[in-house]
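First the structure, in the form of structure tokens, and then the observations on it.
All of the numbers you see were taken from the coordinates with simple rules; none came from a lab. This one's a predicted model, so the numbers in the text were calculated from it and none came from an experiment.
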Amino acid sequence: MPLLIGYINNIPYKSNTLERTVSVVNIDFSNPFEKFSIYPNPSSGNINFNLDKSIKKYNIYIYNLSGKKVFSSKGINIGDNNLILSNLNNGTYIIGITSKTKKYSDIITIKK
């Protein structure tokens, strides 16, 4: 059964396929952390990462590709370098890590 996709000149537009375009604005995928790695990627939900040792506390934010925040944690100490994200569904996510002076963004994939 065709799905109603939208209207063109007030005429219903139906299709057997549905495509969705997601626009992500203002995400910097540069790596200002001198030493940063995230692994494994893809992950089954347990993610490890290493940060520049000069950073004492940081915040982590994870968004799905629709832009909805699905995880956040603030004021994490540098020694805490493991995230358990087993509650997230399979898919691709954007991870952001920020400190007072630096920020990092990357794509992670959860695949159970």
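Remark: for residue pairs K68/K112; K56/K112; K69/K100; K56/K111; K74/K111, the C-alpha separation exceeds 27 Å in K56/K112; K56/K111. Computed 3J(HN,Hα) for the range 56-69, one whole-Hz value per residue from the Karplus formula 6.51 cos²θ - 1.76 cosθ + 1.60 where θ = phi - 60°, is 8, 9, 8, 10, 10, 10, 10, 10, 7, 6, 8, x, 7, 6, glycine and proline marked x.
Per the Kirkwood treatment, what hydrodynamic radius in Å, one decimal, follows for the range 24-110 from the mean inverse distance over all distinct Cα pairs?
About 13.1 Å for the range 24-110.
A simple rule links phi to the HN-Hα coupling: the Karplus curve 6.51 cos²θ - 1.76 cosθ + 1.60 with θ = phi - 60°, which for the range 91-97 gives x, 10, 9, 9, 10, x, 10 Hz, with x for Gly and Pro.
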